[in-house]
Amino acid sequence: AQSVAQPEDQVNVAEGNPLTVKCTYSVSGNPYLFWYVQYPNRGLQFLLKYITGDNLVKGSYGFEAEFNKSQTSFHLKKPSALVSDSALYFCAVREDPLFGNEKLTFGTGTRLTIIP
Amino acid sequence: NAGVTQTPKFRVLKTGQSMTLLCAQDMNHEYMYWYRQDPGMGLRLIHYSVGEGTTAKGEVPDGYNVSRLKKQNFLLGLESAAPSQTSVYFCASSYSGGRSSYNEQFFGPGTRLTVL
């Protein structure tokens, strides 16, 4: 069974500082990994994904994520945080489609607060 | 291009009442999903569909039924609502590019349901 862990419920970062939101996963075979962001009273918005290739993936709004196979991690990063980055962030994983599993499994979310 | 839309946005039910949530997408996506979001639990998959006329159970299907009579619509029904079904419900859709690829899910704005 596939699973995702986001070990931090809340992350606070000063504006202008780098930020990291952590995610670890467990799947059979090669993972397909995603980050989504949710602003208050809105649906989830796609940020970036890792399917294959370069371990550093760049996405929307200046975010990037680093895939680390040995540590089974996919941490979300940004070099310089903005107040507008404050939101709820979800990591998600699915198995390689060759296993026939069409489902995404989401983490419990990390609330990121950027302090002015 | 409206993307994924959900109706209604808010609803209050009494225990035992029934209702149907409607999801519509105009992106010609094959796959559609219904999730519920509860505090501290992330998103949990209720039911999903990989094409018109097909549905499958997700992680938490009990108490819900779905139908996909048209490709663009995915209906979620509650036959006899219970307070445990108080939640925010999200619909999502995605394009499937084949077994060797996977595309991100696009989410609707959500329906906030309260069962008294």
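The values are calculated or read from the model by the stated rules, or taken from the named source; none is laboratory data. Computed from a predicted structure; not experimentally measured. Backbone-built Cβ (ideal geometry, glycine too); neighbour counts: all protein chains shown. When the accessible area is computed, the model is the full protein with side chains, heavy atoms only, and any ligands, DNA or RNA have been set aside. Shrake-Rupley method; radii C 1.70, N 1.55, O 1.52, S 1.80 Å.
Among the residues that make up segment A:61-71, is at least one of them at pLDDT 95 or above, within 23 Å of B:Val4 (Cβ to Cβ) and aromatic (Phe, Trp, Tyr)?
For segment A:61-71, residues at pLDDT 95 or above, within 23 Å of B:Val4 (Cβ to Cβ) and aromatic (Phe, Trp, Tyr): present.
If we scan segment A:89-108, do we find a residue that is farther than 25 Å from B:Ser49 by Cα, within 10 Å of another protein chain (Cβ to nearest Cβ), open to solvent by less than 50 Å² (accessible area, probe 1.4 Å) and in a strand (DSSP E or B)?
no
Which one of the conditions (1) away from every other protein chain (no Cβ under 14 Å); (2) touching a Phe, Trp or Tyr at 6+ places or on another chain (Cβ under 9 Å); (3) outside any strand (DSSP E or B); (4) not aliphatic (A, V, I, L, M) does A:Gln71 fail to meet, given that it meets all the rest?
Exception for A:Gln71: condition (2).
Among the residues of segment A:21-44 satisfying the criterion of being at the interface with chain B (Cβ under 8 Å from one of its Cβ atoms) and over 12 Å from A:Phe90 (Cα atoms), which is least open to solvent (accessible area, probe 1.4 Å)?
Among those residues, the one meeting the criterion is A:Tyr32.
Suppose the filter is facing chain A (nearest Cβ under 10 Å), buried (at least 21 other Cβ atoms within 10 Å of the Cβ) and touching a His at 6+ places or on another chain (Cβ under 9 Å); does B:Val4 pass it?
Spelling it out, B:Val4 is indeed facing chain A (nearest Cβ under 10 Å), buried (at least 21 other Cβ atoms within 10 Å of the Cβ) and touching a His at 6+ places or on another chain (Cβ under 9 Å).
Can you tell me how many residues within segment A:1-25 are assigned to a strand (DSSP E or B) and farther than 21 Å from A:Gly62 by Cβ?
6
Collect the residues in segment B:59-78 that are hydrophobic (A, V, I, L, M, F, W, C) and either part of a helix (DSSP H, G or I) or open to solvent by 80 Å² or more (accessible area, probe 1.4 Å) (or both), keeping them in residue-number order.
The one that is hydrophobic (A, V, I, L, M, F, W, C) and either part of a helix (DSSP H, G or I) or open to solvent by 80 Å² or more (accessible area, probe 1.4 Å) (or both): B:Leu69.
How about segment A:37-63: which of its residues are touching a residue at least 60 places away in the same chain (Cβ under 8 Å) and under 18 Å from B:Tyr95 (Cβ atoms)?
Hits for segment A:37-63: nothing passes.
May I ask you to list the residues in segment A:45-67 that are of a type outside the set (Phe, Trp, Tyr), more than 9 Å from every other protein chain (Cβ to nearest Cβ) and in a loop (DSSP other than H, G, I, E, B)?
A:Thr52, A:Gly53, A:Asp54, A:Asn55, A:Gly59
Tell me yes or no: at least one residue of segment A:5-20 is in contact with a Phe, Trp or Tyr (Cβ under 8 Å, 6 or more places away or on another chain) and within 13 Å of another protein chain (Cβ to nearest Cβ).
Yes, there is a match, as at least one residue in segment A:5-20 is in contact with a Phe, Trp or Tyr (Cβ under 8 Å, 6 or more places away or on another chain) and within 13 Å of another protein chain (Cβ to nearest Cβ).
Which is within 14 Å of chain A (Cβ to nearest Cβ), of a type in the set (A, V, I, L, M, F, W, C) and either open to solvent by less than 20 Å² (accessible area, probe 1.4 Å) or under 21 Å from A:Trp35 (Cβ atoms) (or both), of B:Ala92, B:Ala81?
Unique residue meeting the criteria: B:Ala92.
Please enumerate the residues belonging to segment B:17-58 that are open to solvent by 20 Å² or more (accessible area, probe 1.4 Å), of a type in the set (A, V, I, L, M, F, W, C) and in a strand (DSSP E or B).
Selection gives B:Leu22, B:Ala24, B:Val50, B:Ala56.
Within segment B:1-28, can you find the residues that are under 14 Å from the mean Cα position of the chain (by Cα) and either under 20 Å from A:Val37 (Cβ atoms) or not small (Gly, Ala, Ser) (or both)?
B:Val4, B:Thr5, B:Gln6, B:Thr7, B:Pro8, B:Lys9, B:Met19, B:Thr20, B:Leu21, B:Leu22, B:Cys23, B:Gln25
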